[in-house]
Amino acid sequence: MLVLLGCGGGSSAGGATSSGGEEPIEFDDEAAARRAPPASEEVTQAEQLIAQGEPDRAVPLLEAAIERDPRDVRARLDLGLAHEMREDLPAAERAYRGAIEVDPTFAEALNNLGALLRDTERGEEGIAMLRRAVEARPGLASAHLNLALALEDAGDDAGAENEYRTVMRLAPRDPASRTALAMILLSRGERDQALIELRRALPLAEGSRADLAAIGNGLRRAGDADLAVRALGEAIAAEDAPAPPALRAELALAEYAAGQREAAEARIREIIRDEPSYPDAHWVLANMLAAREAWRDAATEYQTFLRMAPDAPEAAQARARLEHVRAQR
């Protein structure tokens, strides 16, 4: 999760102030106009272009602003984000590091660089950068969220849980932190607590396909299949773009768990028809067929899955199940 100053659109924590007279809590670029370094006309124009999804046009404006004033940290931050949007990660990293060289406590640049380092599999350095970000700006919820994700990557579930709970305090309407916390609780066997967080997250995720999909997956795994079907159906409907096959398959699994077995099998067959190169649909269908003792058809689907994905994580299990169903014929 990146931070861009001056463009608005961040999640809101309601403008509340934490107890004890501490700084206002913020999520992403909330209160950016109040806190942001001043912007030149070029930087303002570039930020508008970035917000419109035109980073290529923003880059020369930002480079000109930096050439005119090398200490313009806002221009350097925006340049980093523009390069990330262009998928030029080395250039983005240079821009963020340049901003930090000018201002070592610039939380937004520390946050964005930390997230980039995590995304490029430099987790330890990313964690260190994100710790600097939350130290510089304790109320910047996106930095706590990025730190939680990085800590979870590193296997520090306790540290990640603490950061997710911090995000929930700073930005109580953010569904991602609740969902991620629920997954940690689920991995510890705390199913009831996980369900509480997932059910709280669901209304907060309205309109977000990614959040709804994650919540639906968690609900299915936690045992609330009926609500999972609802969440996953909402995820598919959340965007005009066709749902990816993995999301459609997840809905089929939830339908199956909810006892809607004919509908689930029909959905999986539809995915196979629409996405013939998607092997996981064959794996799911094979298991459904084996469960209703359609041994011959199940064997065919296991064979198809193994032919398409011989090195998949489920491959060994698929081979064992193939032997089993063959023995039943």
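Every number here is computed from the coordinates shown, using simple stated rules; none is lab data. Every value quoted in this text rests on a predicted model; they were computed, and no experiment measured them. For neighbour counting, all protein chains shown are included, and Cβ atoms are generated from backbone atoms with ideal geometry for every residue, glycine included.
Odds and ends about this structure:
- The chain: proportion of alpha-carbon pairs further apart than 28 angstrom, %: 53 percent
- Cα-projected label distance for Ala315 with Arg71, points at 7 Å along beta-carbon direction, nm: 5.9 nm
- Between Glu87 and Glu54, the modelled labels are 2.2 nm apart [label points 7 Å from Cα along Cα→Cβ].
- Taking label positions 7 Å along the Cα-Cβ direction at both Glu41 and Ala128, the computed distance is 4.3 nm, reported to one decimal.
- The helix-based estimate of mean residue ellipticity at 222 nm for the chain, built from -39,500 (n - 2.57) per DSSP H run of four or more residues and divided by its residue count, is -22500 deg cm²/dmol to the nearest 500.
- Global form of the range 203-329, assessed from the alpha-carbon gyration tensor, a/c cut-off 1.5: prolate
- For the range 278-328, the equivalent ellipsoid derived from the Cα gyration tensor has semi-axes of 16, 11, 8 Å, listed largest first.
- Put a plus charge on the Cβ of each Lys and Arg, a minus charge on the Cβ of each Asp and Glu, and nothing anywhere else: the dipole of the range 278-328 about its Cα centre is then about 160 debye.
- Inter-centroid distance (Cα atoms) of the range 85-109 relative to the range 125-179, Å: 20 Å
- Rounded to whole Å, the principal axis extents of the Cα atoms in the range 34-102 read 24, 23, 23, largest first.
- When +1 charges are put on Lys and Arg Cβ atoms and -1 charges on Asp and Glu Cβ atoms, the dipole computed for the range 234-302 relative to its Cα centre reaches about 300 debye.
- Estimated FRET transfer efficiency when R0 is 41 angstrom, pair His324-Arg169 (beta carbons, to 0.05): 0.25
- Coarse-grained scattering of the range 92-223 at q = 0.13, 0.18, 0.21 Å⁻¹, given as base-10 log I(q)/I(0) from a Debye sum over alpha-carbon atoms: -0.55, -0.94, -1.15
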